[in-house]
Structures are given as C-alpha cells and as structure tokens.
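The values are calculated or read from the model by the stated rules, or taken from the named source; none is laboratory data. All figures in this text were calculated on a predicted structure; none of them were measured in a lab. No Cβ is skipped: glycine too gets one built from the backbone with ideal geometry, and neighbour counts run over all protein chains shown.
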C-alpha cells in the first residue's frame, strides 16, 4: 500500500511540474503576441535602444559577440536551448519548444538591427554610415534555432543488425562527403523575437528614467 501511495504521489508531483511549466512558458507566449517585428522607433532613441539590446541579450544568458554601433548591428554566440527541466531559463516560449530542446540538442543565435526604415535602407546597403540620426528607423530582431545533426547511423538491411554506424570507418565518411556532426538551421524563433523587442523597449524606458529625462 505504501509503495502504491508513493507511486501516486510521484505521478501527482510530475503532473504539477508539467502544469507549472506549461503555465509559465505559455504566459511568455501570450505576452509576445503584442510585439511587432520590425518595430518603428524614433531615431533619437538609437543610443538607448542599442544599450538596452545588449543588456537584455545578456540578461537572457546570451554572450554578445559583436557590437557594431555605427551600423546598428548586434549579434550573439550560439546559446544552447534549455530543456523542459530548466524551466527557470527564459528562452523557450512554449512547451513544444521545451520538449524539442529536451529530445534534441538545439541552440539559438540572435541578431539585433537598428536600421533606417524603407527608403533610407538603400544607403545602408551601399555601406554608408547609419548610426543615430534623423528619419524613420526600425528595431528588428532575428533569432535562429539550429539543431545538431549526427548522420552516423544507416540502415544495413540485415535482420540480425538492422542499423550500422559509420563512426569506425572514417574513409567512408570522406567518400560520402559527410561530416561527423553539424548544426542545421531549422527555423526562426518568431516568438522569442517579439519577446526580445518588448524587453528591449521596456529596458530602454527604464534607462530613460534612470537618466532622469
């Protein structure tokens, strides 16, 4: 009887944990629906938005690899996606994303752009200086999810050993032109993109209050 009761309690605890994960992750998803990507911004807010972008990326656990203030570009190193058991890490937006990163090794990279909107974009393409100025600007965020691919197994067709591995045959790897492992871009994370825009704007407002403006 005690064993059965303990087993039931474990099931209840697991269910409570999954419910908490669903509610927590789902809340982030709902909040992100209101953001627009790209977001029109005032060019006079360029400096604060640039600083806020760097701060928010670091707050989410990303390592900022590039900060190009002149051309309004910020990029990060890849960050391993958290599993469903790392629910305190605010990167996944849905339970489905958490499940995918639990069953697969995935990572994200982020690029933030502060750029002239529409007509002024041609000047950027020609390498002209953007930086803080006048005219219509936009804040744009791109988040790419990559998944680790390990093409080291193949179907042999034999009944006693249906699956084989290429690990022990490096010449076969070379003949087939296969790397041992590689990262494959699978999709844009539009939910995190919108959440990041919201967080960057909120951080920018906070910086403005702290500056006493």
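Residue 110 - would you say it is in a loop (DSSP other than H, G, I, E, B), touching a strand residue (DSSP E or B) at 6+ places or on another chain (Cβ under 9 Å) and surrounded by 15 or more Cβ atoms within 10 Å (Cβ to Cβ)? Against the criterion (in a loop (DSSP other than H, G, I, E, B), touching a strand residue (DSSP E or B) at 6+ places or on another chain (Cβ under 9 Å) and surrounded by 15 or more Cβ atoms within 10 Å (Cβ to Cβ)), residue 110 does not qualify. Take residue 207 and decide whether it is touching a helix residue (DSSP H, G or I) at 6+ places or on another chain (Cβ under 8 Å) and at pLDDT 85 or above. Yes. Restricting attention to the stretch 57-70, the residues being touching a helix residue (DSSP H, G or I) at 6+ places or on another chain (Cβ under 7 Å) and over 26 Å from residue 148 (Cα atoms) number 2. Please verify whether the stretch 127-138 includes one or more residues that are at pLDDT 85 or above and surrounded by 16 or more Cβ atoms within 10 Å (Cβ to Cβ). For the stretch 127-138, residues at pLDDT 85 or above and surrounded by 16 or more Cβ atoms within 10 Å (Cβ to Cβ): present.
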